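Values in this text are rule-based calculations from the coordinates and carry no lab data. Not measured: the values here are computed from a predicted model. Methodologically, a virtual Cβ is constructed for each residue, glycine included, from the backbone with ideal geometry; neighbour enumeration extends over all protein chains shown.
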Amino acid sequence: MVVNLIEWSNKLLEAERTRIGIEPITQSAKDISLKDAYSIQLEIVNRKLLNGHKITGKKIGLTSLAMQNLLNVDEPDYGHLLSNMEITEGKTERSSYLKPKVEGEIAFVLKSPLKGPNVTVKEVLEATDYIVASLEIVDSRIANWQIKLLDTIADNASSAKYVLGQVKREVFNVDLPAIEMQLYKNGAFMNEGKGEDVLGNPASCVAWLVNRLADFDIGVEAGEVILSGALSAALDAEQGDKFTADFGELLGTVELEFV
């Protein structure tokens, strides 16, 4: 059976608009392939571009064992960041989401383009302008997060919004795997992670991304923001919750409140 890319794109866009989750795609479209799932994602992104949004970066998901175990998947995925997804005021309306979760990660901001295949970590570092702390809101348009890998891929890697910290660091002379983060919710420590928890090195995640994008003849451009993956398990978010990711002196803190 051929997977109807337009039909599933319509369903996911409608779920995003109404904030009513849909059934898992993999439950009905049992023959869906990895290429099908990314093709649905690209169809949704292209429609948003036609509505005036711009691609501002990419996000890498499911890079840590914590997140893979949480969602019962066994490899990373990626999604697109668009111009309406960055939060600049540190606050966001809870009513804008279905079932949001928050995760802390390291963001790479590029100064030169990259395109795979065979991009190396060294090339990623050379193309990076700076790194910065970030909080990402992930949200599933699949009801109650009942997802498999291909569901979240089709759903733009369950992406929603993100906020960047203020402290910018060049990557050279920084031990990326050793970067530590502590994640707090309403002032209470919840969990922690290190750079090594995402494929051994956040820069390895970016290299994985660029090389996977090459399957669709896509690269990353100068100025793009790359969210390199959650350093620890995501936390559920409700109205009134405030989240803080603390990266110490290196990258400082980044905060986000749901109002």
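Some observations on this one:
- Summarising the strand pairing of the chain, around 85 percent of its internal DSSP beta bridges are antiparallel.
- Relative packing of peptides 42-51, 195-204 - highest average C-beta neighbours within 10 Å first: 195-204, 42-51
- The label-point distance for Lys111 and Ala178, in a model that sets each label 7 Å from Cα toward Cβ, rounds to 2.3 nm.
- In the range 86-185, Rg over Rh equals 1.01, where Rg is the alpha-carbon radius of gyration and Rh the Kirkwood radius from pairwise Cα distances.
- All lysines inside 30 Å of Lys54 as judged from Cα atoms, apart from same-chain residues fewer than 8 positions distant: Lys11, Lys35, Lys91, Lys99, Lys101, Lys111, Lys115, Lys122, Lys148, Lys161, Lys168, Lys242
- Separation of the range 86-118 from the range 162-179 is 15 Å, based on Cα centroids.
- Compactness relative to 2.2 N^0.38 Å, alpha carbon Rg of the chain: 0.94
- Look at Arg169, Arg17, Arg94 and count the other Cβ atoms within 10 Å of each Cβ; fewest to most, that gives Arg17, Arg94, Arg169.
- Lys30/Glu249 FRET efficiency (R0 41 Å; Cβ-Cβ; nearest 0.05): 0.20
- Difference of contour (0.36 nm per residue) and Cα-Cα distance, Glu86 to Gln146: 19.0 nm
- FRET efficiency, Asn186 to His53 (Cβ-Cβ, R0 45 Å, nearest 0.05): 0.90
- Surrounding net charge for Gly61, when Lys and Arg each add one and Asp and Glu each subtract one, Cβ distance under 15 Å: -3
- Of the peptides 4-15, 53-64, 77-88, the order by per-residue mean of other Cβ atoms within 10 Å, starting with the highest, comes out as 53-64, 77-88, 4-15.
- A simple count of charges around Glu257, restricted to other residues whose Cβ falls under 14 Å of its Cβ and scoring Lys, Arg +1 and Asp, Glu -1, yields 0.
- Per-pair calculated FRET efficiency, R0 = 25 Å: Lys122 and Lys194 via Cβ, rounded to 0.05: 0.75
- Globularity index of the range 200-259, i.e. its alpha-carbon radius of gyration over 2.2 N^0.38 Å: 1.47
- Net charge, Gly116 excluded, C-beta distance under 11 Å - Lys, Arg +1, Asp, Glu -1: -1
- Footprinting exposure proxy for Lys91, Lys194 (fewest neighbouring C-beta atoms within 10 Å first): Lys91, Lys194
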